[in-house]
Ligand SMILES: [Fe+2]
Ligand SMILES: [Fe+2]
């Protein structure tokens, strides 16, 4: 069964959302770099790279099922963060929005009995659990340390206590 047009449209929209998430993480990483917090910058920069890989994963699937890749316009990212907390909050809100979008895509695919798309999305559903957990954890640690205690957060990240994913 060919992938329905409305599913291909939604998949292309998701490509845009993953690129938008990548730009947000690059923007957050740049904020921390400008604050001379290199480990926070590196952490969010790695997240930016991951989001780009997610976009590519959706693009490959669209091509594999015979669709056309149509990358939409990407909104400008927020950049003028007043605090580390505000920057970390954007990351969590972005992950929550991506999770809602992937869940909606999954609902569309199951309603259309599009098993190939449903099955592909399982990986993302699992991934989003981890992404939200990590974003939430880092926000809480930043809140606990406070804006004057961000060097503690740098130490925390250096000890690889966060963002470590279990071996796949
Ligand atoms: Fe993603
Ligand atoms: Fe993510």
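Could you list, in sequence order, all residues of region 152-165 that are assigned to a helix (DSSP H, G or I) and surrounded by fewer than 16 Cβ atoms within 10 Å (Cβ to Cβ)? Please lay out each step first, then the result.
First, pick out the residues of region 152-165 that are assigned to a helix (DSSP H, G or I): 152-158.
Passing the criteria: 152, 155, 158.
Please count how many residues of region 26-41 are free of Cβ contacts under 8 Å to residues at least 24 places away in the same chain and either part of a helix (DSSP H, G or I) or in contact with a helix residue (DSSP H, G or I) (Cβ under 8 Å, 6 or more places away or on another chain) (or both). Please lay out each step first, then the result.
Keep residues of region 26-41 that are free of Cβ contacts under 8 Å to residues at least 24 places away in the same chain, which gives 29, 33-34, 36, 41.
From what's left, either part of a helix (DSSP H, G or I) or in contact with a helix residue (DSSP H, G or I) (Cβ under 8 Å, 6 or more places away or on another chain) (or both): 29, 33-34, 41.
Of the residues in that region, 4 qualify.
State all residues of region 37-67 that are more than 12 Å from ligand 2 (Cβ to nearest atom) and under 30 Å from residue 146 (Cα atoms); if no residue qualifies, say none.
Hits for region 37-67 are 37, 38, 39, 40, 41, 42, 43, 45.
List the number of the failed condition for residue 63; all other conditions in (1) touching a residue at least 40 places away in the same chain (Cβ under 8 Å); (2) away from ligand 1 (no atom under 16 Å from the Cβ); (3) outside any loop (DSSP other than H, G, I, E, B); (4) closer than 23 Å to residue 125 by Cβ hold.
For residue 63, the failing item is (1).
So, residue 23, is that one within 14 Å of ligand 2 (Cβ to nearest atom), assigned to a helix (DSSP H, G or I) and at pLDDT 95 or above or not?
Numbers: within 14 Å of ligand 2 (Cβ to nearest atom): yes; assigned to a helix (DSSP H, G or I): yes; at pLDDT 95 or above: yes.
The answer is yes for residue 23.
I'd like the residue in region 38-50 that is within 12 Å of residue 91 (Cα to Cα) and within 13 Å of ligand 1 (Cβ to nearest atom) and, out of all such residues, is surrounded by the fewest Cβ atoms within 10 Å (Cβ to Cβ).
48
Output the number of residues of region 104-126 satisfying the condition of being over 14 Å from the mean Cα position of the chain (by Cα) and within 14 Å of ligand 1 (Cβ to nearest atom).
First, pick out the residues of region 104-126 that are over 14 Å from the mean Cα position of the chain (by Cα): 104-122.
Filter again for within 14 Å of ligand 1 (Cβ to nearest atom), leaving 105, 120-121.
Summing the residues that are over 14 Å from the mean Cα position of the chain (by Cα) and within 14 Å of ligand 1 (Cβ to nearest atom) in region 104-126 gives 3.
Assess whether residue 28 counts as being more than 12 Å from ligand 1 (Cβ to nearest atom) and surrounded by 21 or more Cβ atoms within 10 Å (Cβ to Cβ). So that I can check it myself, show each step before the final result.
Values: more than 12 Å from ligand 1 (Cβ to nearest atom): yes; surrounded by 21 or more Cβ atoms within 10 Å (Cβ to Cβ): yes.
Criteria met by residue 28.
What pairs come up if the first residue lies in region 43-55 and is in contact (Cβ under 8 Å) with a residue 12 or more places away in the chain, the second is more than 10 Å from ligand 2 (Cβ to nearest atom), and their beta carbons are under 6 Å apart, counting only those six or more places apart or on different chains?
43/157; 43/163; 44/28; 44/29; 45/29; 48/26; 55/15; 55/19
Select, from 116, 87, the only residue that is at pLDDT 95 or above, closer than 19 Å to residue 6 by Cα and not in a loop (DSSP other than H, G, I, E, B). Reasoning before the result, please.
Details: 87 fails: closer than 19 Å to residue 6 by Cα.
Within the list 116, 87, the selection yields 116.
Restricting to region 58-67, name every residue that is under 17 Å from residue 115 (Cα atoms) and surrounded by 13 or more Cβ atoms within 10 Å (Cβ to Cβ). Even if it seems obvious, please write down each step before you answer.
Going residue by residue through region 58-67, those that are under 17 Å from residue 115 (Cα atoms) are 58, 60-67.
The answer is 58, 61, 62, 65, 67.
If I filter region 131-151 for residues that are within 16 Å of ligand 2 (Cβ to nearest atom), closer than 26 Å to residue 9 by Cα and surrounded by 12 or more Cβ atoms within 10 Å (Cβ to Cβ), do I get at least one hit?
Of the residues in region 131-151, the ones within 16 Å of ligand 2 (Cβ to nearest atom) are 131-139.
Next cut, closer than 26 Å to residue 9 by Cα only: 131-132.
Among the residues that remain, those that are also surrounded by 12 or more Cβ atoms within 10 Å (Cβ to Cβ) are: 131-132.
The answer is yes, given that some residue of region 131-151 is within 16 Å of ligand 2 (Cβ to nearest atom), closer than 26 Å to residue 9 by Cα and surrounded by 12 or more Cβ atoms within 10 Å (Cβ to Cβ).
Can you tell which of 113, 70 is surrounded by 13 or more Cβ atoms within 10 Å (Cβ to Cβ), in contact (Cβ under 8 Å) with a residue 12 or more places away in the chain and away from ligand 2 (no atom under 16 Å from the Cβ)?
On the way: 113 fails: surrounded by 13 or more Cβ atoms within 10 Å (Cβ to Cβ).
Going through 113, 70 in turn, just one is surrounded by 13 or more Cβ atoms within 10 Å (Cβ to Cβ), in contact (Cβ under 8 Å) with a residue 12 or more places away in the chain and away from ligand 2 (no atom under 16 Å from the Cβ): 70.
The values are calculated or read from the model by the stated rules, or taken from the named source; none is laboratory data. Only a predicted model underlies this, so the values are computations on that prediction, with no experimental measurement involved. Cβ coordinates were reconstructed from backbone atoms using ideal geometry, including for glycine residues, and neighbour counts include every protein chain displayed.
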